[in-house]
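Quick note: the coordinates plus some simple rules give every number you see, no bench work behind them. Please read all numbers here as calculations on a predicted model, not as lab measurements. For neighbour counting, all protein chains shown are included, and Cβ atoms are generated from backbone atoms with ideal geometry for every residue, glycine included.
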Ligand code: SF4
């Protein structure tokens, strides 16, 4: 299958590893990945901050960048939700975008991607993955199939981490209070790695864990699925 | 709706609240308990989603033909011996109530907890007119004795714990002994003894209503303590102040609403007291009944295609109890009688623009927990984003967002900007608005090859 990769602007700027991981996983499963080089951003930050008008050219550009592809895959639940939920209203249509784990499980019908990652991992279901995309147990089913990986339950897993896009800056104090509770719950699991399907949330929680010098790492689910035996 | 005087916008108010560790502990304990109760009773109903859908449909039907149903309500209330008054805003509503209390020759009223009268600040208006109002709902009484503000729709004193309440009673409640303990039963009996005197002497009562049934002209109050029933039956004159969005078409609609409300609100299958009353009955209950129908910004909200969804709200407070922002900041930070997620979309619409109201649509991470919990399916995140497009944006934010959009519309500009990222993140403390980030959190410092470089190398293209 020929699959378009939507990297997202945040991953492009700060987390290139997530994009590389998606390519590795899909190629390992025998699919061809194309990366439309003109792509930039879906406009989520603008849309959610109340800059709807500024968002329309970005949405149009997105349609052009990914035109002609039957499947577009992205390592960001929240950008996928943005495109799927809001593009129909903004620009009259929504391209066929999938979050990586839903693409693997629903479209390709795969839960074992042949990865190995011998570490203790806890999973944080990000709000947009959980409630907008309804990912359910898809990400954890994929993680459970990884050789050597021990998945540990995260207390209050479904509680928001407090990132919320511009909320993290506009309401920095509340955001940090929420992130602190999430990071403490992560530490309580004793896991070496906390994984999620949104690097934005991981950037927030990971930023706290790093400032505390906790040693617990954040990793995108794609990176774990890409680790070879 | 009036502004709470001296309240700062949400981010500042939240900062103060976050510093209060006692408040955070009280809120965490209270919301966690009620969340668990609600989840359990909701899980019992296999038809919960259908019930929510029915609730949404009933309220939408009522709002779509609001004028028709309100006129029908007026006609039925009048036919049953009541009097209907229409109040455009808070001042008009307060004037009407004060006039009625004076006409009854009373200098005091007992009140059953009512959001509408809080919204119009009736107690303050009554006080200014020399009329004492006594709140008879236990939590509301705690707030009143503490010269405090309610911080939750259903549990107005949620920010206080038992020890704090005992101290307050000892200090402020006539008749509460020095030996009063913080045992809930002891606290409740102290309040009961105090309130009994008020019930038996009051000649006028003021209530709100959870629902007003157009078909029959009946009003409905749902409560747990029985104080509402006392207020509705003992006094000679009953004045109900009700927002116009409380109307529902038929009595049969109550079948749905009375299943949704207690489960969502207190996590109970049914609340202990549900009172339904109609007009007046000679020799039974109040001799006079007045219904004050309150607009106060509601018709303006109704005109907004997305914002109007907030008028479906049945004030169950489920959205507050699941909201992670509310759980950390408490209700006072919202600067309004309607706190939490519903307050963040209702307050700006009822009140119109001001710095506090403009800050409220941003008091959310858009996590969506409120939408999942809402028994009438108000898509609160969608309404928040919609209201964000309508508020005044700070000039610096506007220029930043426009510059970002400009940068992102061509890959060349984006590529140029991206080159600055490793440089910027190398600073442990970033300048400008980003300082709010790096003050407490690190930023990742991407090392090595960018995705595009890696991709080009693999593709073997230049
Ligand atoms: S918005 Fe929904 S959940 Fe919140 S108080 Fe109103 S009815 Fe209840």
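Springs between alpha-carbon pairs under 10 angstrom, Gaussian network model over chain A: which of A:194, A:73, A:176 fluctuates most? Evaluated over chain A, the most mobile residue of the options is A:176. Taking 7 Å steps out from each Cα toward its Cβ at residue B:47 and residue B:403 produces label points 5.8 nm apart. The fraction of Cα-Cα pairs per 5 angstrom bin, counted from 0 for segment A:124-175, comes to 5, 18, 20, 21, 16, 11, 7, 3, 0 percent, rounded to whole percents. When chain A is treated as a Gaussian network with alpha carbon springs shorter than 10 Å, the biggest mean-square fluctuation among A:217, A:138, A:53 belongs to A:53. Only Cα sites of segment B:261-326 enter the Debye sum here, all with the same form factor; the resulting log10 I(q)/I(0) across q = 0.17, 0.27 1/Å is -0.94, -1.08, listed in q order.
Considering only DSSP beta bridges with both partners in the protein assembly as shown, what is the antiparallel share in %, to the nearest 5? About 15 percent, rounded to the nearest 5. Taken as Cα centroids, segment A:1-45 and segment B:285-344 sit 43 Å apart, rounded to the nearest whole angstrom. Note that segment B:225-277 shows a convex hull volume over its alpha carbon atoms of 101 Å³ per residue. Summarised in one figure, the compactness ratio Rg/Rh of segment B:270-394, Cα atoms and Kirkwood Rh, is 1.07.
Of the two radii for chain A, the radius of gyration is 0.95 times the Kirkwood radius, both from the alpha carbons; that is the Rg over Rh value. The distance linking segment A:50-84 with segment B:359-425 is 15 Å (Cα centroid to Cα centroid, whole angstrom). Just checking the listed ones, A:206, A:162, A:148: in the Gaussian network model of chain A with Cα springs under 10 Å, the one fluctuating most is A:148. Expressed as a whole percent, the proportion of Cα-Cα pairs in segment A:1-77 lying more than 19 Å apart is 38%. If one takes the longest principal axis of the Cα atoms in chain B, at what angle in degrees, from 0 to 90 and to the nearest 10, does the Cα axis of helix B:395-408 lie? The two axes meet at around 50 degrees. Peptides B:293-304, B:312-323 ranked from most to least packed give B:312-323, B:293-304, packing being the mean of other C-beta atoms within 10 angstrom over each peptide's residues.
Relative to the longest principal axis of the Cα atoms of chain B, helix B:21-43 runs at roughly 80 degrees. Note on the protein assembly as shown: along the principal axes its Cα atoms extend 94, 56, 49 Å, ordered by decreasing extent. Each listed q (0.12, 0.17, 0.23 Å⁻¹) maps to a log10 I(q)/I(0) for segment B:1-64 from the Debye sum over equal C-alpha point scatterers, namely -0.66, -0.87, -0.91.
Note on segment B:207-252 and segment A:196-219: Cα centroid distance 51 Å, given to the nearest whole angstrom. Of the beta bridges in chain B, as assigned by DSSP with both residues counted there, near 25 percent are antiparallel.
If the chain linking residue B:57 and residue B:29 were pulled fully straight, counting 0.36 nm for each residue of separation and taking away their Cα-Cα distance, it would gain 6.7 nm. Translational diffusion coefficient of chain B at 10 °C, 1.306 mPa s, Stokes-Einstein with Kirkwood Rh over Cα pairs, in µm²/s as a whole number. Translational diffusion coefficient: 66 µm²/s. By the compact-protein rule of thumb, 2.2 N^0.38 Å, the alpha-carbon radius of gyration of segment A:130-229 corresponds to a ratio of 1.07. In the distance distribution for segment A:47-135, Cα-Cα pairs more than 19 Å apart total 48 percent. In this simple spin-label approximation, residue B:86 and residue B:273 carry label points 7 Å from Cα along the Cα→Cβ vector, and these lie 3.3 nm apart.
Between residue B:171 and residue B:372, the modelled labels are 4.0 nm apart [label points 7 Å from Cα along Cα→Cβ].
Above 18 angstrom, tally the Cα pairs of segment B:316-380 and express them as a % of all pairs, no decimals. Result: 27 percent of Cα pairs exceed 18 Å. By the beta-carbon count within 10 Å of each Cβ, the least crowded to most crowded order of A:152, B:345, fewest first, is A:152, B:345. The C-alpha atoms of chain B define a longest principal axis, and helix B:340-351 lies at about 80 degrees to it.
Note on segment B:70-219: antiparallel DSSP beta bridges, both residues inside, total approximately 25 percent of the bridges counted.
Per the Cα gyration tensor, segment B:171-262 maps to an equivalent ellipsoid with semi-axes of 33, 17, 9 Å, ordered largest to smallest. For segment B:145-186, the convex hull drawn through the C-alpha positions has a volume of 74 cubic angstrom per residue. No solvent, one uniform scatterer per C-alpha: report log10 I(q)/I(0) for segment B:1-110 via the Debye equation at q = 0.18 1/Å, two decimals. Once normalised to I(0) and log-transformed, intensities are -1.02.
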